[in-house]
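Bear in mind these aren't lab numbers, they're just calculated from the coordinates by the rules spelled out. Because the structure is a prediction, the values reported are computed rather than measured. Counting neighbours? That spans all protein chains shown, and the Cβs are built from the backbone with ideal geometry, glycine included.
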Amino acid sequence: MRSKIIVTGGCGYIGSHTVIELIENDFEVVILDDLSNSTEKTLERINKITGVTPEFIKLDLKNSLETNKVFNEHKYASGVIHFAAHKAVGESVEQPLKYYKNNLYSLLNTLEAQSVNGINNFIFSSSATVYGTPDILPITEKNKTQRPFSPYGNTKKVAEEILDDFTKSNKAFSAISLRYFNPIGAHESGKIGELPNGIPNNLMPYITQTAAGIREKLMVYGNDYPTKDGTPIRDYIHVVDLAKAHVIAVKRLLKKEQETTLEFFNLGTGVGYSVLDVINTFETVTNSKLNYEITKRRDGDVPQLYASTDLAKNKLDWSANKKLDDMISSSWAWEQNLRNKT
Ligand code: UD1
């Protein structure tokens, strides 16, 4: 029998790419999503790519009664991948309670519903933001976590602490926290990708929207950082590589291969690119000029973040395959498809 995986936030950017990889690895998928920052149309797009429409339940995980009910109806599921969360850094600074309430209630209700129904495997969608401003690069999972600058980031750090306490208290429960660096790119079909609500906060969608004429100009936040060209360095990772790592992590839990009941893995490429590297590569890949301007630093940005990928390679036998060119060309193809359709 196929194993069933519950994917919260499965209509979102990383969630939908992961659902595709799960289906292609013969898992049955149930998506729980409140559609607050995603669309049900994603289900049709998943079907066009895989030939399968996953079961979908519109659910607000903040509602504990409803969450328990849904998990009870799916108590034979083998595990949960928990993506559902708000993720806009700037908005979280303005509305911290919205972020703590949504991201933490959802986590607590999911864990409680899992534990009541005996669904003992859990993958958490975490972020490199838990490392704050790192002293040592590349960042290994042994780097100390620090209080992130934003309430959004802090919900990820607090969530990891909750998981630490919970896995200690419930010995049957196993969890893996995947710390993403900077996910960009889109599925090679061009049928799914990132769908930012309103003005994008992140670099890649801002670039593609500027190139598509939706935004006038990209603002480059600072060129006075201590880096090779003065712009901050990040570890950009293709969302499909990231999605594949989730499937591997699920299999690790199902085969009971984990070494501790809570494990942490960095998901990055190990290679850092500056903002200007990304812009220059975009211009080369698309053979176009991007309208951009250097402006002042953005609060909370750190100069450099890139992963040590050794642990994921050694323990998960996973490493990212796709290069920056692929990430950028797939993001651009998705942006163009999106504009042609709507
Ligand atoms: C942020 C979050 C991270 C989250 C990630 C993906 C923090 C500190 N970081 O990462 O937790 O996982 O988004 O959602 O909370 N840039 C510009 N102009 C722009 C946009 C960005 O120059 O219009 C620059 C930024 O200064 C930065 C780089 O591009 O140096 C990447 O920024 P962004 O895509 O927003 O990701 P992070 O801030 O690294």
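Remarks
- Potential lengthening of the chain between ILE214 and GLN95 amounts to 40.2 nm, from the contour at 0.36 nm per residue minus the alpha-carbon distance.
- Distance between the stretch 1-62 and the stretch 229-288 - C-alpha centres, whole angstrom: 21
- Shape analysis of the stretch 168-245 places it in the oblate category; the axes a ≥ b ≥ c from the Cα gyration tensor give an a/c of at least 1.5, with a/b not above b/c.
- Potential lengthening of the chain between ASN321 and VAL52 amounts to 94.3 nm, from the contour at 0.36 nm per residue minus the alpha-carbon distance.
- Over the chain, DSSP H runs of length four or greater, each weighted -39,500 (n - 2.57), average out per residue to a 222 nm ellipticity of -12500 deg cm²/dmol.
- Linear extension gain, GLN258 paired with GLU44, 0.36 nm per residue minus alpha-carbon span: 73.6 nm
- In degrees, nearest ten, helix 324-341 long axis to first principal axis of the chain (Cα): 80
- Gyration tensor (alpha-carbon) shape descriptor, the stretch 48-92, a/c threshold 1.5: oblate
- Overall form of the stretch 135-179 per C-alpha gyration tensor (a/c, 1.5; a/b vs b/c): oblate
- Site pair ASN197 and LYS144 shows an inter-label distance of 3.6 nm when each label is modelled 7 Å from Cα along Cα→Cβ.
- Here the dipole of the chain is about 200 debye; that uses its Cα centre as origin and unit charges on the Cβ of Lys and Arg (positive) and Asp and Glu (negative).
- Residues in the stretch 262-284 reached by a label modelled at ARG339 [backbone nitrogen below 20 Å; 7 Å Cα→Cβ]: 278-284
- Rounded tilt (10° steps) of 41-50 against the dominant C-alpha axis of the chain: 90
- Label-point gap, in nm, between ASN170 and ASN287 - each point 7 angstrom along Cα→Cβ: 5.5
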